[in-house]
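Quick notes on the structure that follows.
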Amino acid sequence: MDTSDLEHAFELSASLISHTSYHSMTHMFLNYLRNLDGVEEVASYEIFGDAIKRTGEARETHDFLIKRFPLSMKDVFRDKHFDTLKRILDAHDSGPHYLVENSGPWMVLDVSKGIKPRRIVLVKGKLSNRETCIVSGLFGVYVNQVALLDKKERDQLTLLPNQHSFYILLDQVIEHYRSNPQEIQAAESWLAVININRFKEISEKLGHHFGDEVLLHFKTLMEKVFRYSDFLFRFSNDQFIVILNQTDLQGAKLSLNRFQQRITSYKFPVEEVVANIGFTKIDPQLEPSALLYHAEKALYLSEQKGQNKISLYRCDLDTSSCGNSQSNY
């Protein structure tokens, strides 16, 4: 590398480091790759393991699930690169390496060491030695930043995405439906707020370490009941959020009822744990703050009715927000 190449590499590294979210940083990295001479295509994926175990409803025989970056909301996602990805996953290689296939040469950028979910970037085309050297160095910076931002965007106890991540992802879901209005006619997304009843009492009575244990068991049950295509968050101390994707109202009800039944029947390490839920349909014409407000209004209705209740907010029945009250099912 000459001096100008080094300066260019430092500028690119500084640009990556300046990003405050994984989403924006990855967009910048992918755009840089797409603009390189000789590059025909760039695709980025997130890989989740044990998909069959988690959903209990998988229709495929493979033991991993793929999400296309920036957003994939289908429970079983496949595109034209699926077979290539499967070969990469079977090889268990990490870091940058080349893969030669009939479709052409691929540079594989594999983020897998100590980071979940595994991220893979596919770069189709023939890069010069100079470009390969710069990309490899930049990829090292990218991997470090993924690890740092992942810590920032996750709750440190449960390791679920946190409130910061929630707003970023909800924006993406809304933008997805705004850009693809035909999809919401076939399958919708739903925003559910889940609150652990009397969690503060449990922590104060038995100690915060018991409260933490309740949260960890609660998070594990969420991961077992909800699908990989659903998005899970720890929103605040005793409150969790689920974005249920690609389902209708009946599917949303079934999923939330199934989760609440698991909570009711599960033997927690402390006294009985119960949860209330409020949910609403994600209307892409509304802002994130309005959608969260609607789900929280439904949660409030559940709490008024007692314990282990689920309520649905319907905009068309609410005179205070949309033009007509709130209902539950």
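Please go through region 226-277 and give me each residue that is closer than 17 Å to ASN308 by Cβ and exposed (fewer than 15 other Cβ atoms within 10 Å of the Cβ), ordered by number. Those that are closer than 17 Å to ASN308 by Cβ and exposed (fewer than 15 other Cβ atoms within 10 Å of the Cβ): LEU254, ASN257, ARG258, GLN261, ARG262, THR264, SER265, TYR266, LYS267, GLU271, GLU272. I'm trying to understand the selection: among the residues of region 279-300, which are among the polar types (S, T, N, Q) and closer than 17 Å to HIS164 by Cα? Residue satisfying the conditions is SER289 alone.
Only strands (runs of 3 or more DSSP E) whose full extent lies in region 207-282 are considered here, and the ones with at least 1 residues that are among the basic types (Lys, Arg) and under 23 Å from the mean Cα position of the chain (by Cα) are 231-236, 275-281. Scanning for something modelled with pLDDT of 80 or more and more than 27 Å from ILE134 (Cα to Cα), does region 49-61 turn up at least one residue? No. Taking region 1-44 as the range and being in contact with a strand residue (DSSP E or B) (Cβ under 7 Å, 6 or more places away or on another chain) and among the polar types (S, T, N, Q) as the test, the residues that pass are THR26, SER44. Among the residues of region 258-293, those identified as among the polar types (S, T, N, Q) and touching a strand residue (DSSP E or B) at 6+ places or on another chain (Cβ under 7 Å) are GLN260, ASN276, THR280. Remark: pairs (first residue in region 90-101, on the phi < 0 side of the Ramachandran plot and surrounded by 12 or more Cβ atoms within 10 Å (Cβ to Cβ); second residue at pLDDT 85 or above and not in a strand (DSSP E or B); Cβ separation under 6 Å; 6+ apart in sequence or on different chains) = PRO96/SER136; PRO96/PHE139. Taking the stated definitions as given, is ASP150 within 18 Å of the chain's Cα centre (by Cα), farther than 30 Å from LYS305 by Cβ and modelled with pLDDT of 90 or more? Spelling it out, ASP150 is indeed within 18 Å of the chain's Cα centre (by Cα), farther than 30 Å from LYS305 by Cβ and modelled with pLDDT of 90 or more. Of SER94, SER72, SER112, SER103, all but one fail to be of a type in the set (Gly, Ala, Ser), assigned by TED's automatic domain parsing to the domain that holds SER44 and either under 21 Å from GLN246 (Cα atoms) or touching a Phe, Trp or Tyr at 6+ places or on another chain (Cβ under 8 Å) (or both); the exception is SER72. Scanning region 192-211 for residues being farther than 26 Å from TYR300 by Cβ and at pLDDT 90 or above gives a total of 0. Of the residues in region 173-191, not one is of a type in the set (S, T, N, Q), at pLDDT 90 or above and surrounded by fewer than 16 Cβ atoms within 10 Å (Cβ to Cβ).
Being surrounded by 13 or more Cβ atoms within 10 Å (Cβ to Cβ) and not β-branched (Val, Ile, Thr) is the filter here; which residues of region 192-203 pass it? Once the filter is applied, which keeps residues that are surrounded by 13 or more Cβ atoms within 10 Å (Cβ to Cβ) and not β-branched (Val, Ile, Thr), region 192-203 yields ALA192, ASN195, ASN197, ARG198, PHE199, SER203.
The set of residues from region 215-230 being of a type outside the set (Lys, Arg) and either within 24 Å of ALA298 (Cα to Cα) or touching a Gly at 6+ places or on another chain (Cβ under 6 Å) (or both) comprises LEU215, PHE218, LEU221, MET222, GLU223, VAL225, PHE226, SER229, ASP230. On inspection, LEU215 does not qualify as surrounded by fewer than 19 Cβ atoms within 10 Å (Cβ to Cβ), in the same structural domain as GLN261 (by TED's automatic domain parsing) and touching an Asp or Glu at 6+ places or on another chain (Cβ under 9 Å).
Tell me which residues, restricted to region 122-146, are assigned to a helix (DSSP H, G or I), β-branched (Val, Ile, Thr) and either touching a strand residue (DSSP E or B) at 6+ places or on another chain (Cβ under 9 Å) or closer than 14 Å to GLY95 by Cβ (or both). Those that are assigned to a helix (DSSP H, G or I), β-branched (Val, Ile, Thr) and either touching a strand residue (DSSP E or B) at 6+ places or on another chain (Cβ under 9 Å) or closer than 14 Å to GLY95 by Cβ (or both): THR132, VAL135, VAL141, VAL143, VAL146.
Can you name the number of the only condition in (1) surrounded by 14 or more Cβ atoms within 10 Å (Cβ to Cβ); (2) of a type outside the set (A, V, I, L, M); (3) modelled with pLDDT under 90 that SER13 fails? It fails just one condition, (3).
The values are calculated or read from the model by the stated rules, or taken from the named source; none is laboratory data. Source: prediction; values computed, not measured. We place every Cβ from the backbone using ideal geometry, glycine too, and count neighbours over all the protein chains shown.
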